[in-house]
Amino acid sequence: GLGFNIVGGTDQQYISNDSSIYVSRIKKDGAAYLDGRLQEGDKILAINGKELKDLRHKDAVELFRNAGYDVSLKIQRRLQPQNGPVDHQGDGESGGLPLAAILVPGLALAATAVWILLRYRQRM
């Protein structure tokens, strides 16, 4: 497979009044994960030049299954998170930490180290 799951379609709308196809999950170590360009939440507009407008979910799935070895996707990146029923199949994998959760403590630690260094130099 291509290494990702999709949601949406005319019969299973992921977002109200929007029958588009969206990436719901990137499978770790799958083709999409290893490529690194596709992200969860991306809207897939076309696959191998075929637009995904007004398709039932199962028809979209069939297009992906029959896409072949070289696959070209036209996507629209989701700019801000939206609430929606993304199904992660209970795989227990974390989505990772937000960047601020890493940067803020790191900057605080660096500022403290600089302050200690300056205080130490003043005493010498």
Over the heavy atoms of Tyr33, what accessible area does a 1.4 Å probe trace out, to the nearest 10 Å²?
-> 100
With the label point 7 Å along the Cα-to-beta-carbon line of Ser72 and a cut-off under 15 Å to each amide N, the hits in the stretch 10-54 are 45-52
Per residue accessible area of the stretch 4-76, 1.4 Å probe, in Å² | 61
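Can you tell me the relative contact order of the stretch 4-76? Whole percent, Cα pairs under 8 Å, sequence separation 6 or more.
Relative CO of the stretch 4-76 lands at 31 percent.
Could you work out the mean projected area of the convex hull around the alpha carbons of the stretch 4-76, in square nanometres to one decimal?
That works out to 4.4 nm², a quarter of the Cα hull's surface.
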So how exposed is Leu63, as accessible area in Å² (1.4 Å probe, rounded to 10)?
-> 50
In debye, nearest 20: dipole of the stretch 4-76 around its Cα centre with unit charges on the Cβ of K, R (+) and D, E (-)?
-> 80
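The values are calculated or read from the model by the stated rules, or taken from the named source; none is laboratory data. These numbers come from a predicted model, not from an experiment. Cβ sites come from the backbone with ideal geometry, for glycine too, and all protein chains shown count toward neighbours. What goes into the accessible areas is simple: the full protein's heavy atoms, side chains included, and nothing from ligands, DNA or RNA. Shrake-Rupley method; radii C 1.70, N 1.55, O 1.52, S 1.80 Å.
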